[in-house]
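The next block holds one structure in the form of structure tokens; read it before the comments.
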Amino acid sequence: MSVDKITGFEVSRSPITRYRKTFTAFPNRRICFESVVKKVTKKAAQTSKSLITIVMSSTIARMTISLDLNNCVILGIDPAIATIGFGVIRGSEALEYGVIKTPAKSPMYDRLSQIHTDIKALCDMVKPDIAAVEMPFFGRDNTNAGKVLRALGVIELALGDWGLSEITFLHQSQVKAAVAQYGASKNDIKQAVMHIFGLPKPPSPDDSADGLAIAYAAQCGARANVA
């Protein structure tokens, strides 16, 4: 059955077309054509009402989710092993932003332990409703990938321990598209975040601006398909 897409509604026109072809081929049966068309049209109208109800319900649900996100405290995190950027927003207000730093010469266990402790302390301070984390992107020759992924796992563990079992993961491209445009530079992100939240100057350091951008992208409804 062919289906036309019209502003989100599915309108099927194939039944009438099929019957019209049948009665054109058999003229002596055209007397029944009008009654058949009426039956098919009535059925199509009932189907359309159901589809309209479904679409309206879906739209209302999306609007409700959007409104809820605007009232939520959202924590955005840019994972790393040395400098973790974070930003906390609610609606159009930037509540907190900054970085968590770990000593470069400390053993890996100590650095990961600090990340776990500091992320939980941050959650205790801002009490987020939602946590959004950007998925790291690594080039072919990146030698730091293993460390960052270990930090990412600890961040997720800390958020879960605090009570945020469902985390919104985002791709870097989704974050850039939400606040500026695809392929935006670090400076573009800082300037965009400053204007979005009405800050007197661009957030510093850069990683804190990334944290705010991640939180804003999650507020806009962005979500990566990550299991």
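So here's what we get for this one:
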item	result
Sorted by Cβ neighbour density within 10 Å, fewest at the top, the residues R223, R111, R90	R223, R90, R111
Protection proxy ranking, peptides 100-108, 126-134, 158-166, average beta carbon neighbours within 10 Å, highest first	126-134, 158-166, 100-108
Two-site label geometry, Q181 and K127: point separation in nm, points 7 Å out along Cα→Cβ	4.1 nm
Amide proton proximity set for V73, modelled H, under 5 Å, gap of 5+	D129, I130
Sum of side-chain charges, L152 neighbourhood, beta-carbon under 12 Å (Lys, Arg +1; Asp, Glu -1)	-1
Sum of side-chain charges, D207 neighbourhood, beta-carbon under 12 Å (Lys, Arg +1; Asp, Glu -1)	-1
Amide H contacts of L95 (H built 1.01 Å from N, under 5 Å, at least 5 apart or other chain)	V88, I89, R90
Long-range HN-HN contacts of V133 with modeled amide H, under 5 Å	I77, T168, F169, L170
Compactness index (Cα Rg / 2.2 N^0.38 Å), the stretch 72-219	0.98
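Quick note: the coordinates plus some simple rules give every number you see, no bench work behind them. Please read these numbers as outputs of a predicted model, since none were measured by experiment. With ideal geometry, Cβ positions are generated from the backbone for all residues, glycine too; neighbour counts draw on all protein chains shown.
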